[in-house]
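Peer 1: I'd like to ask some things about the structure below.
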Amino acid sequence: MTQTTESSQWIEAGLEEDFPQGLGICIQHNDLQIAVFNYNGEEWYATQNLCPHDDQMVLSRGLTGAASGEPKIVCPLHKRAFALRSGEFLGEGEMSCLTTYPVKREGGKVYLQV
Ligand code: FES
């Protein structure tokens with residue numbers, strides 16, 4: 001469902017209405033799986049869909065929430081949490097950060113910078 005725009009770095013992810021508030025949707029772009037989150041209707045985030053804990057493509061099916069006011073995503077498999085803004089692992093111990101992608105909305109459509 002992706003298209004390139006006149007700017008080669010932004011891709012169209014879909015219509016805003018296709019992204020339910022509070023949930024994630026997985027977008028495929030070439031070899032990338034990107035989890036796009038309509039966090040609260042105003043704040044949108046995008047991260048890699050791959051959870052680095054066990055290399056599973058599951059983060060788009062995780063639960064969104066907040067940790068000390070910081071938007072987060074919690075993996076549905078083993079409940080590891082990551083900051084949606086920075087991709088930082090929010091638990092104890094070592095864990096790779098998530099790659100994050102800028103999101104913009106224009107004309108009712110959602111775009112990701114990849
Ligand atoms: S695969 Fe995500 S926490 Fe284990």
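Peer 1: Write out, first by first residue and then by second, each pair whose Cβ atoms fall under 6 Å of each other, whose residues are 6+ apart or on separate chains, and whose first residue, in the stretch 36-61, is more than 9 Å from Gly24 (Cβ to Cβ) while the second is open to solvent by 50 Å² or more (accessible area, probe 1.4 Å) and away from the ligand (no atom under 16 Å from the Cβ).
Peer 2: Gly41/Gln21
Peer 1: I need the strands (runs of 3 or more DSSP E) fully contained in the stretch 22-92, keeping only those with at least 2 residues that are closer than 21 Å to Leu112 by Cβ, within 12 Å of the ligand (Cβ to nearest atom) and modelled with pLDDT under 95.
Peer 2: Numbers: elements: 24-29, 32-38, 44-48, 63-67, 70-74, 81-83.
Strands (runs of 3 or more DSSP E) meeting the threshold: none at all.
Peer 1: Working only within the stretch 1-21, note down all residues that are at pLDDT 95 or above and among the small types (Gly, Ala, Ser). Reasoning before the result, please.
Peer 2: Looking only at the stretch 1-21, we keep the residues that are at pLDDT 95 or above, and these are 10-21.
Residues satisfying the conditions are Ala13, Gly14.
Peer 1: How do the pairs read when you match residues in the stretch 90-106 that are without any contact (Cβ under 8 Å) to a residue 12 or more places away in the chain with residues anywhere that are not in a loop (DSSP other than H, G, I, E, B), using Cβ under 9 Å and keeping only pairs 6 or more apart or on different chains?
Peer 2: Gly91/Ala81; Gly91/Phe82
Peer 1: Take the residues in the stretch 45-84 that are under 8 Å from the mean Cα position of the chain (by Cα) and among the hydrophobic types (A, V, I, L, M, F, W, C); name whichever of them is nearest to Val110 (Cα to Cα).
Peer 2: Initially, the stretch 45-84 is screened for residues under 8 Å from the mean Cα position of the chain (by Cα), giving 45-49, 59-60, 84.
With the extra rule that they be among the hydrophobic types (A, V, I, L, M, F, W, C), the set shrinks to 46, 59, 84.
Values: Ala46: 11, Leu59: 19, Leu84: 17 Å.
So the residue we want is Ala46.
Peer 1: May I pose another question? For the stretch 93-114, which positions are within 16 Å of the ligand (Cβ to nearest atom) and of a type in the set (A, V, I, L, M)?
Peer 2: If the condition is that a residue be within 16 Å of the ligand (Cβ to nearest atom) and of a type in the set (A, V, I, L, M), then Met95, Leu98 are the ones that fit.
The values are calculated or read from the model by the stated rules, or taken from the named source; none is laboratory data. In this text the structure is predicted, and so the values were computed from the model without any measurement. In this analysis, Cβ positions are derived from the backbone assuming ideal geometry, glycine residues included, and neighbour counts consider all displayed protein chains. The accessibility values were calculated without ligands, DNA or RNA, using every heavy atom of the protein model including side chains. Shrake-Rupley method; radii C 1.70, N 1.55, O 1.52, S 1.80 Å.
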